[in-house]
Amino acid sequence: MAISSHPREFVGIVLAALATLTIFINALFLQHGPHPAPIFASRHLLAPQQLTPRIATPQPEPAAQARMQIVAEIQHELALRGFYDGAVDGVWGAKTDTATRDFLAAANLKLNPDAGDALLHAIVTSNIKAPANHASPAPVRNDPIAELLAPSKRMLAVQRALADFGYGQIKPTGVAGPETQGAIEKFERDHRMPVTGQVSDALVRALSAMTGRPLE
């Protein structure tokens, strides 16, 4: 027999076969990571954490964009008629609110002083112009009592806000009176604030939060 005739060669062949089998088993089943020189190359998909996430750029809501556009057009039209001297930025602030109310009073219109197509249409189709002294600065006063009795823009804004939300029949004059004090006290009680009847910073902040716009 060949095995008995060549025992050394047979043992060498068996050892070589075992070594080859061991290498294959190690390469295919016992490696924890990819082999540096794999027998069968394959495409590796990127793990989810390796993918670069796309950062979406936040965009304003369509409704907010539309409102800003209307406010900007209202500001532009009011500025053309001399009622508004602020920035045309699409933000409904105290200046825009005051200019709108002054226009509605001059035009004798009963419209809600807020951004909307009806208000914009009323301004565009109107020929009303602001009085020549509408934007003139207030004269310098040397009388302290007269200064206290003079109309205040802050008081005027507070009175308008209180009237809009049903806190009494207040005529916006910019001057404090019993009706204004009673309305402030009612507002303070409803909102669990210290009852003072005065135009304080806390009152202005609370009214601004309710109206959704700054009063000053």
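Any read-out appearing in this document is the output of simple, stated calculations on the displayed coordinates, not a laboratory observation. These numbers come from a predicted model, not from an experiment. Here Cβ is always computed from backbone atoms with ideal geometry, including for glycine, and neighbour counts include all displayed protein chains.
For K110, the aspartates and glutamates whose Cα falls under 14 Å of its own Cα, not counting residues fewer than eight places away in the same chain, are D102, D164.
Subtracting the Cα-Cα distance of K186 and A64 from 0.36 nm times their residue separation leaves 40.6 nm of extension gain.
Ordered by the count of other Cβ atoms within 10 Å of each Cβ, fewest first, R192, R213 give R192, R213. Across segment 209-214, rounded Karplus estimates of 3J(HN,Hα) from the backbone phi angles (6.51 cos²θ - 1.76 cosθ + 1.60, θ = phi - 60°) give 5, 6, 7, x, 8, x Hz, Gly and Pro being marked x. Relative protection proxy for 158-168, 117-127, from highest mean packing down: 158-168, 117-127 (other beta-carbon atoms within 10 angstrom).
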